[in-house]
Amino acid sequence: MAVDKRLGELLDLVVKEGGSDLHIFSGGSPMLRVAGALVPIDKYPALTNEETEAMLKSIVPENRWSSFQERQAIDVSYAHKVERFRVNGYRVQGATALALRLIPRDIHTFTELNLPSILEVFAQREQGFFLCVGPVGQGKSTTLAAMIDRINESRAEHVLTIEDPVEYLFTPKRSLIHQREIHIDAPDFHTALQSAFREDVDVIMVGEMRDYETISSAVTAAETGHLVFSTLHTNNAAQTIDRIIDMFPAEQQSQVRVQLAGSLIGIFSQRLIPRVSGGLIPAYELLINNNAVSTLIRDSRTHEVSAVIQTSSQEGMIDMDRSLAELVRRGEVTVEHAYEHAMDPKTFERYL
């Protein structure tokens, strides 16, 4: 079977089975992730390295193939029929492998995604820095897409997304939306952010902050009247603040603390938990940057942030362990699955 035909069949299977990710590699049958669990696709024989490399080459633009050969990894987007996939090609012991994630066509609302309605407040802010954090595959991009689309529906703004690669495609409603893809429209996140200052932009979404230059530009954008959204691969709000500051040289960290204390508006951390009725449902933590939190950031006391979140639910803050306990009480998730994601098992037990 020709590799392009086999690839097409595999991508059709992802959609048919309600999968989120497809793994293709040499020496084994492809594997599909459904509701968080990996399942082998046994009806397909093991692929050879020649086949997996041919599949990747059919996806990667010709002018970027040399980049993959040089760096041994590449990120691209790929359209198959009416569906779009985010594709990472990489090497495993010299052989080519692919990880493909299905990007849903529809951008869902906060209610449809089982997200807290308070996110609406951040979508209506005029300026500030909002972060959606969590491990890989926990729905960060989907949450930010919902927030951007809410702005799109309710406000006439110039929205710029900077992504590697572009994932959700937005249809302009009230807002003007431009989506720039790294390697195609700009060489890197930092350059694209610097350019945004001259593009009359109101809202900026940065797909991922990978270095301190990008973070520095994002914080500056938030300070200068822009509403900035981005993601980080961190576990909670306190760790996120520390990670941002630790990315900077030691001599700049005091200044960054002051900037972050003034520009940060919130940090939303989420986990997707297997649902009793099938599928996944989010549990989450929300930090709102009030005067107390701002002081903790400036004074290098981020270890106290979690305690502030736990005692500030009346202000709209949400504690991850409380969120997990609520899902258990409602019968949405099992105690066992909730325990796996608890920040502090003893605190979680008290909430039950």
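The values are calculated or read from the model by the stated rules, or taken from the named source; none is laboratory data. Please read these numbers as outputs of a predicted model, since none were measured by experiment. Neighbour counts are summed over all protein chains in view; Cβ atoms, including those assigned to glycine, are modelled from backbone coordinates with ideal geometry.
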When residues of segment 201-217 are filtered for being modelled with pLDDT of 95 or more and out of contact with any His (no Cβ under 6 Å at 6 or more places or on another chain), how many remain? 3
Right, Asp211: in contact with a helix residue (DSSP H, G or I) (Cβ under 8 Å, 6 or more places away or on another chain) and surrounded by fewer than 21 Cβ atoms within 10 Å (Cβ to Cβ) or not? yes
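Being exposed (fewer than 14 other Cβ atoms within 10 Å of the Cβ), charged (D, E, K, R) and at pLDDT below 90 narrows it down to one of Lys5, Lys16, so name that one.
Working: Lys16 fails: at pLDDT below 90.
When all the criteria are applied, what remains is Lys5.
This table checks each residue for (1) charged (D, E, K, R); (2) over 22 Å from Ala261 (Cα atoms); (3) surrounded by fewer than 19 Cβ atoms within 10 Å (Cβ to Cβ).
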| site | (1), (2), (3) |
| --- | --- |
| Arg101 | yes, yes, no |
| Glu120 | yes, no, yes |
| Ser141 | no, yes, no |
| Ala146 | no, yes, no |
| Ile151 | no, yes, no |
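Among the candidates Glu157, Glu181, which residue alone is more than 21 Å from Glu315 (Cβ to Cβ), acidic (Asp, Glu) and modelled with pLDDT of 95 or more? Spell out the reasoning first.
Working: Glu181 fails: modelled with pLDDT of 95 or more.
Just a single option satisfies the conditions, and that option is Glu157.
Would you point out which residue out of Ile118, Ile107, Ile148, Ile103 is touching a Lys or Arg at 6+ places or on another chain (Cβ under 8 Å) and among the β-branched types (Val, Ile, Thr)? Lay out the reasoning, then the answer.
Working: Ile118 fails: touching a Lys or Arg at 6+ places or on another chain (Cβ under 8 Å); Ile107 fails: touching a Lys or Arg at 6+ places or on another chain (Cβ under 8 Å); Ile148 fails: touching a Lys or Arg at 6+ places or on another chain (Cβ under 8 Å).
Of Ile118, Ile107, Ile148, Ile103, the one residue that is touching a Lys or Arg at 6+ places or on another chain (Cβ under 8 Å) and among the β-branched types (Val, Ile, Thr) is Ile103.
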Is it true that some residue in segment 83-90 is loosely packed, with under 15 Cβ neighbours inside 10 Å and either within 30 Å of Ser277 (Cα to Cα) or in contact (Cβ under 8 Å) with a residue 60 or more places away in the chain (or both)? no
Which condition does Gln124 not pass, out of (1) touching a Lys or Arg at 6+ places or on another chain (Cβ under 6 Å); (2) in the same structural domain as Leu232 (by TED's automatic domain parsing), if it passes all the others? (1)
From Pro187, Pro172, Pro165, grab the single residue that is under 17 Å from the mean Cα position of the chain (by Cα) and not assigned by TED's automatic domain parsing to the domain that holds Ala37. Pro165
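From the list Ser277, Ser300, exactly one residue is within 21 Å of Glu112 (Cβ to Cβ), in the same structural domain as Ala145 (by TED's automatic domain parsing) and surrounded by fewer than 16 Cβ atoms within 10 Å (Cβ to Cβ). Which is it?
That would be Ser277, the only listed residue that is within 21 Å of Glu112 (Cβ to Cβ), in the same structural domain as Ala145 (by TED's automatic domain parsing) and surrounded by fewer than 16 Cβ atoms within 10 Å (Cβ to Cβ).
Sort out for me the strands (runs of 3 or more DSSP E) sitting completely within segment 160-273 that have 1 or more residues that are within 27 Å of Ala307 (Cα to Cα). Steps first, please.
Details: elements: 176-181, 203-206, 227-232.
Strands (runs of 3 or more DSSP E) meeting the threshold: 227-232.
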Could you look through segment 135-159, keep only residues that are in a helix (DSSP H, G or I) and among the charged types (D, E, K, R), and pick out the one that is farthest from Ile74 (Cα to Cα)? Glu153
Taking segment 300-335 as the region of interest, how many residues are farther than 19 Å from Leu280 by Cα, assigned to a helix (DSSP H, G or I), touching a residue at least 12 places away in the same chain (Cβ under 8 Å) and polar (S, T, N, Q)? 3
